[in-house]
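In what follows, a structure is listed as structure tokens, so that the remarks can point back to it.
The values are calculated or read from the model by the stated rules, or taken from the named source; none is laboratory data. Computed from a predicted model, the values in this text were never measured in an experiment. Please note: Cβ atoms are built from the backbone with ideal geometry, for glycine as well, and neighbour counts cover all protein chains shown.
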Amino acid sequence: MLRKTVLAFLLLGAAVPVAAQVRLNDPSVVETVRAMQPGQYLWAPEIAPAGPVMIIVSLRDQRAYVYRNGLPIGISTVSTGKEGHVTPTGVFTILQKRVDHKSNLYNNAPMPYMQRLTWDGIALHAGNLPGYPASHGCIRLPRAFAQKLYEITNLGLTVVITDGDAVPRVAPGPGLRQGPVEPAAAAAEIQWHPRRAASGPVAIVISDTDRSIVVLRNGVEIGRAPAHIEGGVGQPAAYALQSVTNGDFRWMKIALPGQEGAGTALSADERARLSMPESFREKLAAILQPGTTVVITRDSLQGSDTGDATTVIAEEEG
């Protein structure tokens, strides 16, 4: 994350009256964020009052980063899955939201402001933050932060969970859970089924490994086609569509934890590196709108899973 970007964010955020907010007069902004105590968070939505929202969760840092229009508007401490119940890494979409939710497996444990990421139990929600991973796989947030986050999200919004070093695996929901397919076979056919989800947020996942692009709407796969990025992918990348003017699509970079360049526009030359069938590009362009997100990964889109060494819970849990 760019020090200057975060600095601007924190300076603006200093005026926001939040009881649990960290002190903003520390000598190093980066150290300030790193030194946040359990339950502390920053929230400054006025930095980007409107636009696409994306959430990045870092298991290594135990932090959640909220971006709108490619700019950080919130940072929070979190508590993720403990040993034996590791939170899966991956690219997810919000599948369900409930303000007042209870766990079916753990004595009706409360899960306020629940935002479901998988149908087998992983969700964002308010909960206890002891300062280390302690959940059964969910991502616990400070209650006030969870409420604020809940108010600005929609179904289908993209959530990236990463452990920092590993490339996030793709697991947006049941629609992508297919059996293993050879990359060449997957690239041989264009699929386009927009009626599967007639409306809702659009998210795009591009795999450099099997040269494929998948389009999700409201968390449901509606399209798939071969795609290629000239020069390959150096590291995972995320983008948000800020605006569309006379057919010109303005994409803004969203920096994953440890990356720089948040809020910078994707140049025409960079966009030209991505190739796909023209017929598919036209179909895709027709449904793109501000708020669309793109995640580029080296991981395969075939036989999508939820990461390495994770315990999958059967029902709602936290």
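For region 206-223, filtering for residues that are on the phi > 0 side of the Ramachandran plot and among the hydroxyl-bearing types (S, T, Y) leaves 0. Checked against (1) among the basic types (K, R); (2) buried (at least 18 other Cβ atoms within 10 Å of the Cβ); (3) touching a Phe, Trp or Tyr at 6+ places or on another chain (Cβ under 8 Å), R68 passes all but a single condition, namely (3). Of the residues in region 250-267, at least one is in a strand (DSSP E or B) and in contact with a helix residue (DSSP H, G or I) (Cβ under 9 Å, 6 or more places away or on another chain). Filtered by the rule that a residue be in a loop (DSSP other than H, G, I, E, B) and within 18 Å of E189 (Cα to Cα), region 268-301 gives M276, P277, S300, L301. The set of residues from region 37-65 being in contact with a Phe, Trp or Tyr (Cβ under 8 Å, 6 or more places away or on another chain), hydroxyl-bearing (S, T, Y) and crowded, with 21+ Cβ neighbours inside 10 Å comprises just one member, Y41. Scanning region 136-156 for residues that are buried (at least 24 other Cβ atoms within 10 Å of the Cβ) and out of contact with any Phe, Trp or Tyr (no Cβ under 9 Å at 6 or more places or on another chain) turns up G137, C138, I139, R140.
Would you check if T5 is in contact with an Asp or Glu (Cβ under 7 Å, 6 or more places away or on another chain) and either at pLDDT below 85 or assigned to a strand (DSSP E or B) (or both)? So T5 does not fit the description; no.
Among the residues of region 76-91, the ones that are in a strand (DSSP E or B) and at pLDDT 90 or above come to 4 in all. Checking each residue in region 84-95 for being of a type outside the set (A, V, I, L, M) and either buried (at least 23 other Cβ atoms within 10 Å of the Cβ) or closer than 14 Å to D163 by Cβ (or both) picks out T87, P88, T89, G90, F92, T93.
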